[in-house]
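Read-outs throughout are calculated quantities, based only on the coordinates presented, and are distinct from any laboratory measurement. Since this is a predicted model, take the numbers as computed values, not measurements. Neighbour counts run over all protein chains shown; Cβ positions are idealised from the backbone, glycine included.
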Amino acid sequence: MVDVTKNLKVYTTYGPKTAKGTKPAIVAKMIEKAKRPLFVVGSEVLEEELLARAKAIAKKGIPVAATGHSIKGFIDEEGVDAKYINIHFLGTFLCDPKWGGLDDNGCYDLIILLGHKKYYINQVLSGLKNFQT
Amino acid sequence: MSELKTGTFSVSDLENVQINIGSIVGAIEKTAAEEGEVGPTVKPNISGLRDWDYKLLERYNPVYTPMCDQCCYCTFGACDLTGNKEGACGINMEGHNAREFMLRVITGASAHSGHGRHLLHHLIDKYGADYPLKVGQTNIIAPNVQIVTGKKPETLGDLEDALDYVEEQLVQLLACVHVGQEGEAIDFESKAMHGGMLDHVGMEISDIAQIACLEMPKADENAPLSEIGMGTIDSEKPVLLVIGHNVAGVTNIIDYMEDHDLTENMELCGLCCTALDMTRYRTEGGDVPKAKVVGTLAKELKMIRSGVPDVIVVDEQCVRADVLREAKELMMPVITTNEKIMYGLPNRSDDDVEDIIDDLKSGRDDGALILDFEKLGEVAPRLTQEMSKIRKEKGVVSLPTEEEFNELTSRCVHCLACELECPTNLPISDAMTAAEEGDLRPFEILHDKCVACGRCEQACPKDIPVLNVIEKASQKVIREEIGKVRVGRGQISDPEIREEGVNLVMGTTPGIIAMVGCSNYPDGTKDLYRIADEMLRRNYIVLMSGCSAMDLGMYQNEDGETLYEKYSAKFQKGNLINVGSCVSNSHITAAAIKVAAIFAQRNITGNYEEIADYVLNRVGAVGVAWGAYSQKASSIGTGCNRLGIPVILGPHGSKYRRALIGKPYEEDKWKVLDARNGETMDIPAAPEFLLTTAETIDEMMPMLAKNCIRPSDNNMGRMIKLTHYIELSEKYLGIIPDDWYKFVRRETDLPLARREELLKKLEQELGWEIDWNKKKIISGPTSKLDVSAQPTNVKRLCKEA
């Protein structure tokens, strides 16, 4: 198998400190270790194949923050805990330790993102990178 | 002792001497005092409205999303500010990004005010300082000027004083950008608000001056329709294309064409706001527009690359930097007419017309700078006719032939460099593949979504002129690009405000949706049509301006009508209004100010804080800048924000680096005072932001309805607004919003048709007490309905204060 993480150009962050590519197994470990992970899905997740994968991930028990109009893909989906929130608001709240989260159980320690416009999610990540506490 | 007054007098016995008395020290204040109340902030300086800004910023948190994480402003740096670190000068990431945002705001405000200064010089020179400012049926000629400067201008000359103030304040704001000045983000935020407010004064000056002098529609609900679209241009005729925002010089072109019977023989068309303002020129009273609109900035490169224009005239703002280089390739002479854009061209302002035309048509010069508008008026149309013949004889073509097209699409190696470079990441590679197989539809779709920035071509390792390929593939749809746009009507009149003000404040007209800004849309131009169509059907008043106004006119409904043809332009619920060009955005804030002045009888003179407080708490208006791209869009939006009007941007708007977002879970932030007694009132979180972005149109629809909700809504108004919020959420997101109950003060606030269903939800899901016999809410709501309450955020306005 080719290791695609080598020399990977990441287009979702700019600046002296940028995102790095990593292997799926490491991502899986990070999710496993997280106490309060949040799966953040954007409107582009509504494409059929991607939506099926997103649902499968959500059914592992990770709460879903459905941004844009992506919530449409998760309505009445059994085993999926999805709530709508605007991504710009979410990025703001994630930097606030006082935020109770989507379920009033506190803020999150890991977010997993899927299905956003690159240039838009770049800005949200920039806010998190610089101002999360 | 007699007092000196403004005006003009001549000295007897002296020939050719006329003395003009412009402004007299203290005269404005004296006149204002004589006329009645004057508010506490006549011509506020940078700190004059700081307390108001702080009130807003306490609820609406500045949210920074930096672009590059570095500061490169001075030679101490470059400094890495990642993680909110401090740089060498001591500024941190928050402060730097607030400064960056403020810089964008004052850049935009300067562009409008610089435009205003140029127009004012030109118009005073042509019509005289005493020329009256007639802008339609109104006693408040310049609401933004009056609320900020305390002055009630009546003549062109009166505007100079207000513009002097704007310019002085902008210099003071720009000084704050310098190293070692402001250090705290919150004060950069306040300064940005100041810049935004100044912008609306500058815009208003620009627009009322041209409305008065250039016979533009004056608050006219029957303003005519104009043709729009690339498909409206007859390329068989000589074509003169103008680009920019300042119509001053173009009026001379129109006059020359009419005087020399050229109107039928050649096409005069425009891009961006100059185009909109050309169609307003001398259409007061319903005359036919004298030019056609091609479209927005996104059409600039497309129009040039089409090869259709024979000559291009540019003025200022939002004109591509490469117009001359692009035009040169296609033998189109370029005439620059404004010192803000000169492209390195020789100044021919003092040269003979024949010499200029000879040099341009022979190709000795690629273009000319002509600052003399009389000369411009003659050169441009005459040169266009000459160049048309020459270009036809030489067979100048731009777009590839069929064979070349096939070769170009097959040359693509699908490396995706273009897609990564594309600001919208459009699927160019797949469209190339489809075109190779004879299917042009993917490229036709790209044509609508593509903003024609040309970055794909810079990225292509195979030197494929991607934009030319898209445009060649889309010739059929381009020919069909024919629409109608309402000519900008200018201000909202006093009688209209008198009639509609009560509905807006009580909420029975659910709100104003003001769609402004540029054409950097995430998903093509039809988004605007979808928004307007939906909100008009729901009886919102939809106001349009600038590039958004143009793009809306490009789509027809199933009956072949544009929305401009379907809806009246009267300021009334369920109507569609185009106020005009970029600078006409001032009429949107002016309408809100006039609601306070006319409906509520509030004094607006030098009384910004009180009026902004009124607008924030009572006027349900939301701005939408779905394709905001320019610095001017940021200043327009920020001016709306200071006046209490929230604005939603499209996803590209996140690149402005700063939003203003409230936190509904911070309950102590969602309170107002009741001005009758100073008591605190709980309010729901609406508007819940002053500036934010939405990911998609579907997401934005319910946001619009929700953020038109205001504390002053009566029960009928709240019911109407809540109905739309719930319905739009269900229609576009598929869910009932999880905060809908927070807007319920009593059962009459609930949507009538669903009252029982929603009462059950309140009881079962939220534990509210319901009296089912009377179908009344007994307990549960956090905010109360009191139609007599006077919600305010300003303590001094309370009787107890």
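Pairs B:Lys302/B:Lys462; B:Lys566/B:Lys655; B:Lys152/B:Lys671: which are spaced more than 32 Å apart, C-alpha to C-alpha?
Pairs exceeding 32 Å: B:Lys566/B:Lys655; B:Lys152/B:Lys671.
Quick one: if you stick a label point 7 Å off each Cα along the C-beta vector at B:Glu765 and B:Arg325, how many nm between them?
Placing both labels 7 Å beyond Cα along the Cβ direction yields 5.6 nm.
In whole Å, what is the distance between the alpha-carbon centres of the stretch B:360-407 and the stretch B:103-154?
After rounding, the separation between the Cα centres reads 36 Å.
Rank the residues B:Arg348, B:Arg364 as a footprinting-exposure proxy: fewest other Cβ atoms within 10 Å of their Cβ go first.
So the ranking, lowest neighbour count to highest, is B:Arg364, B:Arg348.
Once amide H atoms are built 1.01 Å from N in the peptide plane, which residues 5 or more positions from A:Ala19, or in another chain, come under 5 Å H to H?
Those lying under 5 Å, H to H, from A:Ala19 are A:Thr13.
Taking θ = phi - 60°, what integer Hz values does the Karplus form 6.51 cos²θ - 1.76 cosθ + 1.60 yield along the stretch B:482-495, in sequence order, with x for Gly and Pro?
9, x, 9, 10, 5, 5, x, 8, x, 4, 8, 6, 4, x
Could you give me the ³J(HN,Hα) list for the stretch B:621-638, computed from phi with Karplus coefficients 6.51, -1.76, 1.60 and θ = phi - 60°, whole Hz, x at Gly and Pro?
10, 10, x, 10, 10, 5, x, 3, 9, 8, 5, 4, 4, 5, 6, 4, x, 5
Taking 0.36 nm per residue of sequence separation and subtracting the Cα-Cα distance, how much length would be gained by fully extending the chain between B:Asp164 and B:Glu436, in nm to one decimal?
92.0 nm
Pull up all non-local amide H partners of B:Ala621: gap of 5 or more, or a different chain, and H-to-H distance under 5 Å with H placed in the peptide plane.
Distant-sequence amide H within range of B:Ala621: B:Ile512.
Collect residues whose amide H, placed 1.01 Å from N in the peptide plane, falls under 5 Å from the amide H of B:Arg658; neighbours closer than 5 in sequence don't count.
B:Thr65
At a threshold of 8 angstrom on Cα-Cα distance, excluding pairs fewer than six apart, so keeping six or more, what relative contact order does chain B reach in percent?
15 percent
Please arrange B:Tyr665, B:Tyr614 by how many other C-beta atoms lie within 10 Å of their C-beta, fewest to most.
Lowest count first: B:Tyr665, B:Tyr614.
Once label points are set 7 Å from the Cα along Cα→Cβ at both A:Ala56 and A:Ile26, what is their separation, rounded to one decimal in nm?
2.3 nm
Given the rule -39500 (n - 2.57) for each run of at least 4 DSSP H residues, summed and divided by the residues of the protein assembly as shown, what is its mean residue ellipticity at 222 nm, to the nearest 500 deg cm²/dmol?
Rounded to the nearest 500, the figure is -12000 deg cm²/dmol.
Please work out the Cα center distance from the stretch B:457-493 to the stretch A:74-110, rounded to the nearest Å.
Taking the Cα centre of each part, the stretch B:457-493 and the stretch A:74-110 sit 40 Å apart.
Full extension from B:Gln475 to B:Arg455: what is 0.36 nm times the residue separation minus their Cα-Cα distance, to one decimal in nm?
Gain on extension, B:Gln475 to B:Arg455, equals 5.1 nm.
Give me D for the stretch B:598-728 in µm² s⁻¹, whole number, from Stokes-Einstein with Rh from the Kirkwood sum over alpha-carbon pairs, 25 °C and 0.890 mPa s.
156 µm²/s
So, with +1 on the Cβ of K and R and -1 on the Cβ of D and E, and no other charges, what is the size of the charge dipole of the protein assembly as shown about its Cα centre, to the nearest 20 debye?
3280 debye
May I ask you to evaluate 6.51 cos²θ - 1.76 cosθ + 1.60, the Karplus curve with θ = phi - 60°, for each residue of the stretch B:384-396 and list the ³J(HN,Hα) values in order in whole Hz, giving x for glycine and proline?
Residue by residue, the stretch B:384-396 yields 4, 5, 5, 5, 4, 5, 4, 5, 5, 4, 7, x, 5 Hz.
On full extension of the chain, what length is gained from B:Lys394 through B:Thr680, given 0.36 nm per residue of separation minus the C-alpha to C-alpha distance?
Gain on stretching B:Lys394 to B:Thr680: 95.3 nm.
Just rank B:Lys299, B:Lys152, fewest to most, by other beta-carbon atoms within 10 angstrom.
B:Lys152, B:Lys299
Taking the Cβ-Cβ separation of B:Glu154 and B:Glu215 as r and a Förster radius of 25 Å, what is the calculated FRET efficiency to the nearest 0.05?
Taking R0 as 25 Å, the efficiency between B:Glu154 and B:Glu215 is 0.85.
Give me P(r) over the stretch A:26-131, computed from all C-alpha to C-alpha distances, binned every 10 Å, as integer percentages.
15, 50, 33, 2
With Cβ to Cβ distances under 10 Å as the rule, what net charge do the other residues near B:Thr401 carry (K, R +1; D, E -1)?
Neighbourhood net charge equals -3.
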